[in-house]
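Written out below as structure tokens is the structure these notes cover.
The values are calculated or read from the model by the stated rules, or taken from the named source; none is laboratory data. In this text, all values refer to a predicted model and were calculated from it rather than measured experimentally. Glycine also receives a Cβ, built like all others from the backbone with ideal geometry; neighbour counts cover every protein chain displayed. The accessibility values were calculated without ligands, DNA or RNA, using every heavy atom of the protein model including side chains. Shrake-Rupley method; radii C 1.70, N 1.55, O 1.52, S 1.80 Å.
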There are 2 protein chains.
Amino acid sequence: MTNFDDLMKRRVTEIKSIIKNYLPEEEGYQRTLLEAVDYSMLVGGKKLRPLLMQQTYVMFGGTSKAIGPFLAAIEMIHTHSLIHDDLPALDNDEYRRGKKTTHAVYGEAMAILAGDALLNLAYETAAKAFAEDPGNPDVARAFTILAHKTGIYGMLGGQSVDVENAGKPLTKEQLLFIYSLKTGALIEASMMIGAVLAGASDEEAEQLEQAARCVGMAFQIQDDILDVTGREEDLGKPINSDERNQKTTYVTVRGLEAAREDVKKYSEEAVRLLGEMPYENEFLTELILHLIDRTI
Amino acid sequence: MTNFDDLMKRRVTEIKSIIKNYLPEEEGYQRTLLEAVDYSMLVGGKKLRPLLMQQTYVMFGGTSKAIGPFLAAIEMIHTHSLIHDDLPALDNDEYRRGKKTTHAVYGEAMAILAGDALLNLAYETAAKAFAEDPGNPDVARAFTILAHKTGIYGMLGGQSVDVENAGKPLTKEQLLFIYSLKTGALIEASMMIGAVLAGASDEEAEQLEQAARCVGMAFQIQDDILDVTGREEDLGKPINSDERNQKTTYVTVRGLEAAREDVKKYSEEAVRLLGEMPYENEFLTELILHLIDRTI
């Protein structure tokens with residue numbers, strides 16, 4: 001195991017333990033909802049978004065306690081989107097990362113409510129940052145970024161265009177719009193919030209938005225590549241699903257080789273933009289470059 | 001038309017115009033989502049929650065501009081809950097207030113996303129209050145109340161218990177739990193936020209929470225009564241639906257006469273609690289007493 005892999009493993013474990021602190025106790029009449037929420041949050045995942053947030057925060061020398069609630073909140077929003085994506089009315093997936101999806105375990109109605117509950121819990125949790133760091137105006141800035149990047153002009157907007165065009169061929173322009181919102185927006189939020197909570201200026205946050213946009217594109221294109229070249233046992237889901245569903249992907253639009261080059265190009269551009277900033281974080285740089293080689 | 005009815009009509013019109021200012025423009029690739037969001041928000045409704053918020057705010061002498069975003073946010077959260085309640089996997093309702101429900105018009109997948117988008121838009125909109133009134137710590141307090149009362153320990157928690165027990169007989173204790181969260185929590189949030197944004201103390205907010213709890217109970221019991229005694233053309237939905245669905249309601253548990261008495265009792269208790277406060281608002285008192293006589 002390389003140094004990076006080792007460090008990565010330790011950091012993901014740390015993130016998981018921070019997030020767990022913000023999950024609700026499974027008690028009371030609404031116990032089933034609480035179980036569905038915790039089940040969905042604990043089934044796994046790479047924790048990429050809180051990791052990017054935390055490392056950007058470290059890069060900018062952050063010291064505020066307000067970061068903890070936001071690390072949990074971004075993962076809750078991501079998990080909310082997975083629960084609702086998997087529903088019968090949307091992608092109708094029974095498995096994710098090798099585990100049963102929320103509606104497959106708890107039924108459709110409870111999965112809809114668990115998704116709602118996690119989206120709301122993200123804001124309820126982020127609001128705890130007001131108490132962690134009273135009077136810090138950066139908390140309100142972080143809040144505004146989180147809500148904007150999640151909503152109609154962010155993740156949910158991208159998701160709606162994806163859903164509306166399911167089964168139809170997409171233009172490259174539509175595809176890039178979906179990728180930049182559905183996948184990119186939360187990654188942008190992660191890095192921007194990490195910076196803002198560490199006291200970064202609006203200009204710095206905008207430059208990070210650019211870098212994060214490249215990270216998001218690299219990440220999503222690599223997802224499309226893995227659907228063609230990955231191993232089912234690594235991914236925990238069937239491969240070639242895009243082809244079976246006649247889905248337009250970056251690989252169908254640009255071909256496999258060009259897609260691989262573009263992942264490299266976007267990752268390097270992200271690293272270049274980060275390098276222009278007056279701070280550095282070697283681990284963050286490695287993490288981003290690592291996205292090119294990932295197999296899961 | 002009485003003075004009160006006239007005033008009520010003017011105030012609801014005013015609230016509607018404030019809310020409209022915070023609704024998104026229907027443009028861009030995500031246009032269908034935007035249409036579904038606007039459709040759901042504009043189909044009607046009594047605007048009871050923003051009205052209670054605004055009038056509590058007036059009662060406490062509020063002057064901050066931060067109230068506008070919260071008036072819109074509470075109605076967005078309420079509308080989010082209606083969209084998801086009506087879904088095939090939950091209540092499966094095709095009509096509400098005489099109009100087609102969101103999934104009946106836009107399909108199930110888009111209705112799920114429109115509900116998500118409105119829940120998120122509520123927080124995105126409420127976050128605008130930070131800019132309307134920078135540095136006002138009451139905005140963070142209002143935010144915390146909004147998220148808490150909407151979530152697992154509020155509206156969504158109540159909704160989950162209701163859904164989980166659909167078709168089963170409920171104990172009176174379970175029924176009151178569902179009512180106090182599913183209906184009560186947002187009414188509590190409305191009055192508490194109105195007070196807090198006007199600078200009320202935590203103790204005052206707690207007393208208002210008690211009053212609002214009574215308002216919520218009166219409102220929900222009256223709903224059960226109207227399902228038995230109301231006119232379909234007034235309600236815009238079929239009556240006797242609870243009996244057909246063998247649903248436990250306050251009327252089935254306590255009988256019609258006792259239910260009527262309890263609506264009166266809860267309304268008067270709410271008014272009494274408000275009367276103990278060192279401020280007054282005659283319109284708010286009338287509004288609450290009016291809940292007893294409402295036919296819609």
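Quick notes
- Given (1) of a type in the set (A, V, I, L, M); (2) open to solvent by less than 10 Å² (accessible area, probe 1.4 Å); (3) more than 8 Å from chain B (Cβ to nearest Cβ), number of the condition A:LEU170 does not satisfy: (2)
- Flag if B:HIS80 is farther than 29 Å from B:GLY199 by Cβ and within 13 Å of chain A (Cβ to nearest Cβ): no
- Only one of B:SER267, B:SER201 that is closer than 30 Å to B:ALA66 by Cβ and touching a Cys at 6+ places or on another chain (Cβ under 8 Å): B:SER267
- Counting the residues of the range A:271-296 that are outside any loop (DSSP other than H, G, I, E, B) and either of a type in the set (Val, Ile, Thr) or closer than 23 Å to A:ARG260 by Cα (or both) gives 16.
- Residue under evaluation B:LYS128, criteria (1) among the charged types (D, E, K, R); (2) within 25 Å of B:VAL163 (Cβ to Cβ); (3) modelled with pLDDT of 95 or more, criterion not met: (2)
- Flag if A:LYS182 is open to solvent by 20 Å² or more (accessible area, probe 1.4 Å), under 20 Å from the mean Cα position of the chain (by Cα) and more than 9 Å from chain B (Cβ to nearest Cβ): yes
- Consider the range B:96-113 and keep the residues that are touching a residue at least 60 places away in the same chain (Cβ under 8 Å) and facing chain A (nearest Cβ under 8 Å). The one that is surrounded by the fewest Cβ atoms within 10 Å (Cβ to Cβ) is B:MET110.
- Scanning the range A:269-288 for residues that are buried (at least 16 other Cβ atoms within 10 Å of the Cβ) and closer than 14 Å to A:VAL215 by Cα yields A:GLU269, A:ALA270, A:VAL271, A:LEU273, A:LEU274, A:LEU284, A:THR285, A:GLU286, A:LEU287, A:ILE288.
- Checked against the criterion of being of a type in the set (Lys, Arg), modelled with pLDDT under 95 and within 20 Å of B:SER180 (Cα to Cα), the candidates B:ARG244, B:ARG272, B:ARG254, B:ARG231 yield just one match: B:ARG254.
- Of all residues in the range B:214-233 being out of contact with any Phe, Trp or Tyr (no Cβ under 6 Å at 6 or more places or on another chain) and under 16 Å from B:LEU48 (Cβ atoms), the one that is most open to solvent (accessible area, probe 1.4 Å): B:ASP223
- Criterion: under 25 Å from A:ALA189 (Cα atoms), of a type outside the set (S, T, N, Q) and in contact with a Leu (Cβ under 6 Å, 6 or more places away or on another chain) - qualifying residue of A:ILE19, A:ILE83, A:ILE74, A:ILE67: A:ILE67
- All positions within the range A:152-165 that are more than 7 Å from chain B (Cβ to nearest Cβ) and free of Cβ contacts under 8 Å to residues at least 60 places away in the same chain: A:TYR153, A:GLY154, A:GLY158, A:ASP162, A:ASN165
- Whichever residue in the range A:114-151 is open to solvent by 10 Å² or more (accessible area, probe 1.4 Å) and among the small types (Gly, Ala, Ser) and, among such residues, is nearest to the other protein chains (Cβ to nearest Cβ): A:ALA140
- Condition broken by B:ILE83, with the remaining ones in (1) closer than 24 Å to B:ALA109 by Cα; (2) open to solvent by 20 Å² or more (accessible area, probe 1.4 Å) satisfied: (2)
- Flag if B:LEU197 is farther than 18 Å from B:THR285 by Cα, in contact with a His (Cβ under 9 Å, 6 or more places away or on another chain) and buried (at least 24 other Cβ atoms within 10 Å of the Cβ): no
- Residue match in the range B:152-167 (condition: of a type in the set (S, T, N, Q), open to solvent by 30 Å² or more (accessible area, probe 1.4 Å) and more than 21 Å from the chain's Cα centre (by Cα)): no
- For the range A:199-206, the condition holds for at least one residue, the condition being that it is under 20 Å from the mean Cα position of the chain (by Cα), more than 12 Å from every other protein chain (Cβ to nearest Cβ) and modelled with pLDDT of 95 or more.
- From the list A:GLU25, A:GLU35, the lone residue that is in contact (Cβ under 8 Å) with a residue 12 or more places away in the chain, within 14 Å of another protein chain (Cβ to nearest Cβ), out of contact with any Pro (no Cβ under 7 Å at 6 or more places or on another chain) and not hydroxyl-bearing (Ser, Thr, Tyr) is A:GLU35.
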